[in-house]
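Presented below is the structure to which this report refers.
Every read-out reported here was derived from the displayed coordinates using simple, explicitly stated rules and does not represent laboratory data. No experiment lies behind these values; they were computed from the predicted model shown. Because the Cβ atoms are built from the backbone with ideal geometry, glycine has one as well, and the counts that use them run over all protein chains shown.
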């Protein structure tokens with residue numbers, strides 16, 4: 001298939017990337033991109049960490065000053081703790097980086113801080129979050145295939161430059177991940193429910209069980225597979241969570257309130273012996289659990305959805321987050337401006353079974369489009 | 001080592017067992033005991049289920065009337081739904097079964113119901129609960145090694161005949177499980193915390209996440225490994241849980257209240273940005289999770305603890321639940337009455353690292369004892 005691009009900034013052809021923060025995630029990005037022939041420059045506040053990443057082959061070169069390298073690379077990826085990301089993004093933009101992304105677990109506050117601080121340059125930044133991780137930490141736990149089959153969420157805004165989005169999507173694809181786009185607010189609500197509250201719930205369950213009086217040792221001996229499964233993530237790196245809880249406070253409180261309210265309803269069912277209500281809940285949850293997609297890998301046939309779009313800001317974010325709201329993975333994206341410059345065509349490559357529904361939804365949103373299998 | 005026994009009822013020499021309820025657990029017991037040369041008679045209200053168990057080799061013979069076989073076997077094992085167990089135990093005792101046990105998830109109400117209905121015969125029953133299971137159900141999911149390395153909890157009372165306890169312990173050991181003894185009340189509190197509340201917590205989390213508005217599909221796509229781990233047990237057989245929630249109501253409510261109170265405290269930490277409190281909790285839970293015993297198998301050297309006991313009821317339950325309260329596994333147990341009949345010696349075989357502590361605790365409880373490694 002042809003690759004229509006939006007100008008000199010081709011979505012393909014990533015040759016040099018700077019990674020700031022060379023721990024588990026940054027190191028895994030480095031290893032994966034190295035395998036795809038990319039020259040990776042690493043930078044870490046902790047000189048030991050960047051030296052270890054160099055030793056591990058996760059980076060080819062150590063930088064000590066982001067300003068000196070940001071405008072020499074195709075993309076700057078920030079893999080630093082959540083609380084520090086906005087400042088690093090601003091530094092990368094100020095240093096002239098052509099495209100900037102991050103891999104933090106919380107998006108809204110970062111996207112807002114960057115837009116407020118650098119309203120003109122924020123177009124060169126798109127927030128990202130690969131849904132992959134490990135109980136390990138540090139470059140020692142890094143692997144080139146950490147993101148294989150994972151979902152990599154991007155959070156474009158109305159200001160995001162299409163070629164920046166396309167470039168980050170390309171890098172995620174080179175690492176084996178699939179891309180979906182949602183708004184920063186949607187992202188934060190989603191991860192509060194599927195990641196942050198589960199972490200707090202597992203941690204709390206482990207601690208409550210361990211503190212249950214003098215039968216503690218026996219309790220832990222009797223913990224069978226279900227308890228072990230439920231508390232596994234409580235063994236992960238604790239250091240990242242206080243920042244996440246502060247940054248995603250409102251979404252976490254909302255999801256936690258839903259969870260506690262639902263537990264309180266369950267308590268009432270137990271207290272009053274409401275068997276039917278309990279059975280209904282258990283059966284529903286079993287169906288829901290069994291219908292969890294087992295993997296994010298797109299394996300079936302693909303379709304090309306061609307969307308005619310006006311030449312105005314925010315179109316890309318509208319299209320991609322509309323696809324995201326339907327759980328449509330974006331396998332590829334190309335942006336073609338018409339010669340006259342009065343608008344253009346965006347080509348979204350998606351699983352073909354979702355093509356027709358996406359075209360319908362686009363029509364409802366005011367975007368005429370067509371699709372064909374490829 | 002010598003095996004001192006309490007009379008004609010040797011703890012060894014199990015040759016015939018009746019299993020009532022030939023589903024996943026009953027079928028797995030049958031397969032495991034068949035491999036040890038035991039003749040297993042199966043009985044199920046559902047004739048298709050017992051026929052399937054016969055086909056699968058989990059039982060050698062189908063019985064249709066427990067009264068006709070109960071006094072011809074060494075042990076009757078009840079693997080029926082929790083709500084039906086007490087009636088089956090009473091039926092087995094009335095039919096003259098020499099020893100009766102069950103594998104239900106709740107013990108207090110069953111033990112109490114049997115003691116109330118048959119105060120004299122209850123001595124031939126000891127409650128049991130192997131801490132093993134599977135997301136599957138039916139004899140099709142049964143395997144001979146379901147209990148290998150599992151903890152098999154027994155709940156003797158002051159009335160339990162020592163030889164009945166010993167016989168059930170032997171059968172658990174033949175299936176590869178290790179035995180611990182706790183009181184029925186302790187058992188119910190323990191499983192509420194490590195099994196019943198985790199099940200309800202996983203089920204509730206799955207349902208809350210699935211019901212989160214129109215972003216449902218995207219939410220489930222983004223569910224990464226941690227969420228999958230935490231909700232795995234929500235995919236299990238829902239049918240057993242309403243009974244368990246009714247039978248173990250008080251202990252579940254207590255554990256659930258502890259859990260919700262702890263979540264409410266976590267909510268407060270998040271709401272007020274209390275990083276130190278969050279980090280402290282996360283670090284504590286990580287340590288607790290990492291120190292969960294990885295398996296119940298006793299692999300180290302053993303010790304023989306010889307306890308001089310008076311000839312009065314309840315001594316066995318006192319000794320075994322004292323060991324249980326210290327998380328001491330009982331690898332073997334023998335009961336020797338003295339020739340004069342004025343008392344006797346109980347020999348407990350336990351991990352040798354726990355021998356000295358157990359002897360101290362026994363002394364505090366008024367039982368002089370000694371120990372030596374074997």
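Compactness ratio of the range A:302-373: Cα Rg over 2.2 N^0.38 Å, N = residue count?
On the way: Rg = 11.2 Å, N = 72, 2.2 N^0.38 = 11.2 Å.
Normalised Cα radius of gyration, the range A:302-373: 1.00.
Taking chain A as the reference, fit the longest principal axis to its C-alpha atoms, fit the long axis of helix A:249-271 to the helix C-alpha atoms, and give the angle between the two in degrees, 0 to 90, nearest 10.
Result, in degrees: 30.
Helix A:85-94 versus the longest principal axis of chain A: what angle, 0 to 90°, nearest 10, using Cα atoms?
Once rounded, one gets 10 degrees.
When the distances between all Cα atoms of the range A:111-223 are binned every 5 Å from zero, what whole-number percent does each bin get?
2, 10, 15, 15, 15, 14, 10, 7, 5, 4, 3, 1, 0
Exposure proxy check: B:288, B:353 ranked by fewest other beta carbons within 10 Å?
B:353, B:288
The range B:188-290: Rg/Rh from Cα coordinates, Kirkwood Rh? Mind dumping the intermediate values first?
On the way: Rg = 15.6 Å, Rh = 15.6 Å.
Rounded to two decimals, Rg over Rh is 1.00.
Report the calculated FRET efficiency for residue A:71 and residue B:275 (r = Cβ-Cβ distance, R0 = 51 Å), to the nearest 0.05. Please list the in-between numbers first.
Values: r = 36 Å, r/R0 = 0.70.
With R0 = 51 Å, the Cβ-Cβ based efficiency is 0.90.
Report, largest value first, the span of the C-alpha coordinates of the range A:16-182 along each principal axis, in whole Å.
Projected onto its principal axes, the Cα set of the range A:16-182 covers 39, 33, 28 Å.
How big is the convex hull of the Cα atoms of the protein assembly as shown, per residue, in Å³? All intermediate terms of the calculation are to be shown ahead of the outcome.
On the way: hull volume 130.5 nm³, N = 748.
Spread over its residues, the Cα hull of the protein assembly as shown gives 174 Å³ apiece.
Run the quick spin-label model on residue B:250 and residue A:360: label points 7 Å from Cα toward the beta carbon, then report their separation in nm to one decimal.
Between residue B:250 and residue A:360, the label points sit 5.6 nm apart.
Using the Kirkwood radius built from alpha carbon pairs, what does the Stokes-Einstein equation give as D for chain B at 4 °C and 1.567 mPa s, in µm² per second? Please report the intermediate quantities before stating the final value.
On the way: Rh = 22.3 Å.
This corresponds to a translational diffusion coefficient of 58 µm²/s.
Quickly work out the residue B:56-to-residue A:353 label distance, labels modelled 7 Å from Cα along the C-beta direction, and quote it in nm with one decimal.
3.1 nm
Need one value for A:250-257: mean number of C-beta atoms belonging to other chains within 10 Å of its residues' C-beta atoms.
Working: counts 2, 0, 4, 4, 1, 4, 7, 2.
Whole-number average of other-chain Cβ neighbours for A:250-257 is 3.
Work out the FRET efficiency for residue B:345 and residue A:239 from their Cβ-Cβ distance, taking R0 = 41 Å, and round it to the nearest 0.05. Numbers along the way, then the final one.
Numbers: r = 55 Å, r/R0 = 1.34.
The pair residue B:345/residue A:239 has a calculated efficiency of 0.15.
One-quarter of the Cα convex hull surface for the range A:147-204, in nm²? Can you show the working numbers first?
Values: hull surface 18.1 nm².
Projected over every direction and averaged, the Cα hull of the range A:147-204 covers 4.5 nm².
Using alpha carbons only, how many degrees (0 to 90, rounded to 10) separate the axis of helix B:197-210 from the longest principal axis of chain B?
Relative to chain B, helix B:197-210 is tipped by roughly 30 degrees.
For the protein assembly as shown, what is the mean residue ellipticity at 222 nm derived from helices alone (per DSSP H run of n ≥ 4: -39500 (n - 2.57); sum divided by total residues; nearest 500 deg cm²/dmol)? Please list the in-between numbers first.
Working: 30 runs with 322 residues, N = 748.
The helix-only estimate for the protein assembly as shown comes to -13000 deg cm²/dmol at 222 nm.
Within a 10 angstrom radius of the beta carbon, how do A:241, A:152 rank from fewest other beta carbons to most?
Working: A:241 21, A:152 26.
Going from sparsest to densest Cβ surroundings: A:241, A:152.
So how do B:274, A:61 line up by other beta-carbon neighbours within 10 Å, fewest first?
Values: B:274 18, A:61 14.
Exposure proxy ranking, most exposed first: A:61, B:274.
Full-extension gain between residue B:261 and residue B:145, please, as 0.36 nm times their residue separation minus the C-alpha to C-alpha distance.
On the way: separation 116, 0.36 × 116 = 41.76 nm, distance 3.87 nm.
So the chain would gain 37.9 nm between residue B:261 and residue B:145.
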